[in-house]
Structure formats: C-alpha cells, structure tokens
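Reading through the structure tokens given below for one structure.
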Amino acid sequence: MLHYWQREIENLKKLILSLGAIVEEQIQRSMLALERRDSELADEVISKDREVDSLEILIEEECLKILALYQPVAKELRFVVAVLKMNNDLERMGDLASNIAKRARYLSRKERIEIIEEFGIVADKVQAMVKKSLDALVNTDVNLAREVLAADDEVDRLTKQMLKRTISFIEKDPERTKDYFSIRSISKNLERIADSATNIAEDVVYLCSGEIIRHQSEDFNPEDATEGR
Amino acid sequence: MVDIQADSKVKVHVENMNFYYGPVQALFDINLDIPEKKVTALIGPSGCGKSTFLRTLNRMNDIIDGTRIEGKVMIDDKDIYDPMTDVVELRKKVGMIFQKSNPFPKSIFDNIAYGPRIHGVKDKNKLMDIVESCLIKSALWDEVKDRLEKNAMGLSGGQQQRLCIARALAINPDVVLMDEPASALDPKSTLKIEDLINELKKDYTIIIVTHNMQQAGRVSDHTAFFYEGRLIEFGATEQIFTKPNQKQTEDYITGRFG
C-alpha cells in the first residue's frame with residue numbers, strides 16, 4: 001500500500017506526463033499545420049496553448065504543496081524538484097509550438113515556399129527528442145536521457161545548415177525575404193524545443209542519479225564535443 | 001484557497017466561545033466551523049489553548065472544578081452545552097484519543113468490547129464482529145488476531161495507541177478528537193498512525209492537536225492556529241503552509257516563536 005503522500009507524488013507524475021503528452025501533440029500539430037498549409041489547425045494549436053499554461057500553474061502549485069506539507073527527501077525530493085523544472089521547460093515548449101503555428105498560419109496565406117520540405121529531418125529529430133525525454137522520465141531511464149543529450153548536437157548542426165540554406169534562398173529570391181524570416185524563426189523555435197528537451201533529459205539524469213550534469217556536456221561525452229567543432 | 005463551506009458540511013460549529021479556568025480566561029471569543037469527514041489540525045505553542053479547545057468539544061473540561069464556558073458549541077446543529085444534553089451520549093458520539101496510550105489492564109478483546117458492553121451489547125458474536133471491524137479499521141488486526149485474549153499491556157507503544165483508536169471506534173462515534181496521538185511514538189509507529197488518520201477520515205470527522213507542525217501539514221485538510229487563547233487563523237492546510245494570511249501564523253510555522 002502506498003503511504004498517503006506517495007499517492008500525491010503519483011498524482012504529480014500523472015500531471016506532468018499529461019502536460020508532456022499535450023505539448024508533444026502541440027509540436028507535432030504545429031509542424032503538420034506548416035506542412036499542410038492548414039491555418040485552422042494552426043489556430044487550434046495557438047488556442048490550446050492556454051490549456052498548457054493552466055496545467056503548468058496547477059503543477060507548480062502541486063509541487064509547492066508537496067514541498068510545504070510533506071517535506072520529501074532523497075529520491076522523492078529530487079522528483080519534485082525535477083518536476084518543478086521540467087514544468088517550466090514543457091510550458092516553454094508549448095509557447096514555441098504556438099510560435100511555429102503562428103508562422104505556419106502566416107505562410108499558409110503565402111505562395112508555397114520550397115524550403116519547407118527540408119524541415120522534415122530536423123522536425124523528426126526534435127520530436128523524437130521530446131518523446132525520448134518524456135519516456136526517460138516515465139521509466140526513469142538514464143540511458144535514454146543520455147541519448148537525448150547526444151541528439152541535441154545533431155539538431156544544432158542541422159539548424160546551422162538550415163540557416164545557410166535559408167540565406168542562399170534569400171539571395172536568390174530577395175522579394176520573399178520576409179517569408180524566409182518566418183522560416184528562420186521556425187527553425188530557431190525547433191532548435192529551442194530541442195534545448196528544452198535536453199533540459200528535461202538532464203533533469204531525468206538528476207532524478208535518477210542525483211548528479212547535476214548541466215554545463216558539463218563536454219566532459220561527459222568527449223567524442224561528441226570534438227565532433228561539433 | 002479552499003472554501004470550507006463549499007468544500008464540505010459543517011460538523012462542529014463554535015460561536016463566540018470564551019472559556020475560563022476559575023478567574024483565568026483560557027480561550028477568547030473563538031469562532032470556528034469544523035468540516036465533516038475531514039482532518040482538522042489545531043496547532044500553536046504550549047499554553048495557547050488548543051488542547052483546552054479540543055476538550056470543550058466533548059465536555060471533558062466539565063470534570064475540572066471551577067471551569068466555565070460561554071458561547072455556543074454545536075455538533076450537528078445541537079448545542080452540546082444545552083442543559084438537556086446527555087453528556088454520556090455526547091462522549092459516545094465524540095470519541096477521544098490521548099497523548100499517552102491508556103489501554104485498560106485487560107485483554108485486547110475486552111479493551112475494545114468494554115464500550116459496547118456498557119452500552120448494552122451482550123451477544124458474543126456481535127461483540128466479536130465489533131472487535132474485528134474496529135481492529136481492521138485501526139490497522140491492528142493482522143498483528144493481534146491470534147492473541148485477542150492476551151493482555152493489552154503487552155503490546156508495543158504504537159500498537160497500544162492503535163488499540164486505543166480501535167476502542168474509541170467501538171462505540172461508533174462521529175467525531176474523533178486526538179490530543180497529540182503520536183507524540184510518544186517512534187517514526188515508524190507515527191507513520192502508521194498518520195496513514196490510519198488518513199483512512200479514518202472517510203468515515204469520521206477528526207480533530208487533532210499536534211505540536212509537530214510537519215505532522216499537521218502531512219495529515220490535515222484544515223489547520224487552525226491558536227495563540228494566547230485566540231484563534232489567529234483557520235484555513236486549508238495547503239494555504240496555511242504555503243501562504244498564511246497572518247504574520248503570527250507565518251512566524252510560528254517558520255519556527256520564529258513557539
């Protein structure tokens with residue numbers, strides 16, 4: 001039988017996972033809206049962000065309640081602290097998905113732009129990172145979390161590549177510079193989503209091992225570090 | 001903040017209550033509505049009146065000479081200080097658990113059967129049913145079911161306290177008052193009592209005095225903070241422990257006095 005406060009912690013886990021599920025869907029639907037030039041879908045994503053915001057507040061209140069009333073220690077303390085931080089990251093990812101939806105809505109009213117198709121790979125990678133970071137949380141799986149950390153470098157590389165491509169498109173077609181700025185913005189938003197997924201993965205590592213691995217990724221995987229340069 | 005009125009029915013209503021030990025006033029103008037089937041914690045420094053207040057709810061102070069009460073204490077809309085009130089019936093309805101476990105020097109079975117017997121239950125099987133269900137409710141059954149005829153004094157402190165809870169439940173109360181029920185117990189027994197309180201609130205209104213602020217936070221739904229005989233603040237425990245409205249409450253729960 002679970003003690004009464006363990007039930008509160010289980011409940012908190014359910015809440016953060018449901019926030020994760022909504023945010024994952026928001027990201028996926030914002031990219032779908034872009035690809036299909038579907039402004040209605042984009043509007044849905046934008047308005048659903050309010051749901052993300054209110055769930056974020058609820059989760060924060062639950063965390064504060066658990067800290068104030070039950071003074072969790074050890075693994076339970078790390079869990080509540082990790083949730084408090086992930087909560088911020090997930091809410092931020094929700095905002096970024098909503099930004100992408102706004103750009104998608106704008107672009108849906110413009111003539112089709114070729115470069116959109118090139119988002120495929122990076123969007124897939126970012127969504128996989130988000131999914132993995134949440135799975136790592138559900139299963140408290142350090143190895144999965146570390147895979148997310150490794151994938152972030154690849155997303156950074158692809159984002160840089162995308163920037164170069166965007167610049168070359170602008171040079172060829174300067175009339176549509178404004179539209180290409182939207183492309184750049186989407187690309188940047190995707191990269192930031194990946195950064196937030198990385199934060200979540202770092203929090204999972206903290207949760208499992210008690211080790212804070214932020215700001216030390218180069219020590220932690222020297223191979224990746226040299227490859228990036 | 002939780003709206004107590006909307007959250008659940010009021011079980012105990014206290015209005016303009018003053019209480020005196022001889023010439024000394026111990027409680028000043030207390031107004032409080034205690035919700036049904038919830039755990040309400042009474043906290044505050046020693047001498048703040050929280051235990052005196054608890055004892056006014058089943059007229060335990062009547063047995064102290066020279067005490068006097070003004071105002072109203074209503075349980076289920078009946079004034080318990082009405083001259084027509086049957087105090088024995090009242091204490092049947094409002095059970096009490098004390099700081100130190102106080103089992104009778106009798107068998108485990110007889111401890112629990114004691115109350116029902118003096119209230120007229122004679123049938124052996126019926127008594128056995130009561131004993132079993134109360135021991136199950138107080139989470140003691142598995143530990144004692146094979147030695148119900150053994151003397152209760154042989155139980156550990158934590159077991160004795162759970163036995164006292166079973167004994168209080170045997171007369172089928174609505175309200176259970178607890179005066180520091182876990183302060184003499186080790187952490188593990190304390191945890192059992194706290195889990196038990198959390199189970200019991202499904203069926204009973206529980207009012208608990210505790211010196212242990214963390215315990216109040218852990219077990220209660222609502223918290224009343226007393227200071228120098230006055231009720232300073234009453235609210236949802238979550239609110240009291242995260243954003244109290246009164247500075248005195250804040251100072252007490254953060255450990256600046258008390």
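The values are calculated or read from the model by the stated rules, or taken from the named source; none is laboratory data. Everything numeric here is computed off the predicted structure, so don't read it as measured data. Cβ sites come from the backbone with ideal geometry, for glycine too, and all protein chains shown count toward neighbours.
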So which residues in segment B:210-258 are closer than 17 Å to B:N198 by Cβ and of a type in the set (S, T, N, Q)? B:T210, B:N212, B:Q214, B:Q215, B:S220, B:T223, B:T237
Report, by residue number, each residue of segment A:5-46 that is over 24 Å from A:I121 (Cα atoms) and either in a loop (DSSP other than H, G, I, E, B) or aromatic (F, W, Y) (or both). A:W5
Would a scan of segment B:45-65 turn up a residue that is on the phi > 0 side of the Ramachandran plot and either in contact with a strand residue (DSSP E or B) (Cβ under 7 Å, 6 or more places away or on another chain) or loosely packed, with under 15 Cβ neighbours inside 10 Å (or both)? yes
Which numbered condition trips up B:I97, out of (1) more than 16 Å from B:K11 (Cα to Cα); (2) surrounded by fewer than 16 Cβ atoms within 10 Å (Cβ to Cβ)? (2)
Sole residue being more than 20 Å from A:N199 (Cα to Cα) and assigned to a helix (DSSP H, G or I), chosen from A:T159, A:T166: A:T166
Only one of these conditions is not met by A:W5: (1) surrounded by fewer than 18 Cβ atoms within 10 Å (Cβ to Cβ); (2) within 14 Å of another protein chain (Cβ to nearest Cβ). Which number is it? (1)
Can you name every residue in segment B:218-247 that is in a loop (DSSP other than H, G, I, E, B), within 14 Å of chain A (Cβ to nearest Cβ) and either touching a Pro at 6+ places or on another chain (Cβ under 9 Å) or surrounded by fewer than 23 Cβ atoms within 10 Å (Cβ to Cβ) (or both)? B:D221, B:K243, B:P244
Looking at B:I165, B:I171, which one is out of contact with any Leu (no Cβ under 9 Å at 6 or more places or on another chain), more than 14 Å from chain A (Cβ to nearest Cβ), among the aliphatic types (A, V, I, L, M) and touching a residue at least 12 places away in the same chain (Cβ under 8 Å)? B:I171
Just to check your reading of the model, which residue among A:E56, A:E61, A:E44, A:E111 is within 14 Å of another protein chain (Cβ to nearest Cβ) and either surrounded by fewer than 16 Cβ atoms within 10 Å (Cβ to Cβ) or modelled with pLDDT of 95 or more (or both)? A:E61
Filtering segment B:168-180 down to residues that are part of a strand (DSSP E or B) and among the β-branched types (V, I, T), which residue is nearest to the chain's Cα centre (by Cα)? B:V176
What residue, among those in segment A:65-80 that are surrounded by 15 or more Cβ atoms within 10 Å (Cβ to Cβ) and within 12 Å of chain B (Cβ to nearest Cβ), is farthest from B:E250 (Cα to Cα)? A:P72
Top-ranked residue of segment B:248-258 - restricted to ones that are surrounded by fewer than 20 Cβ atoms within 10 Å (Cβ to Cβ) and more than 14 Å from every other protein chain (Cβ to nearest Cβ), ranked as farthest from B:F19 (Cα to Cα): B:R256
Members of segment B:181-214 found to be of a type outside the set (A, V, I, L, M, F, W, C), over 13 Å from the mean Cα position of the chain (by Cα) and more than 14 Å from chain A (Cβ to nearest Cβ), listed by number: B:S183, B:D186, B:D203, B:H211
Answer yes or no as to whether B:S183 is assigned to a helix (DSSP H, G or I) and surrounded by fewer than 19 Cβ atoms within 10 Å (Cβ to Cβ). no
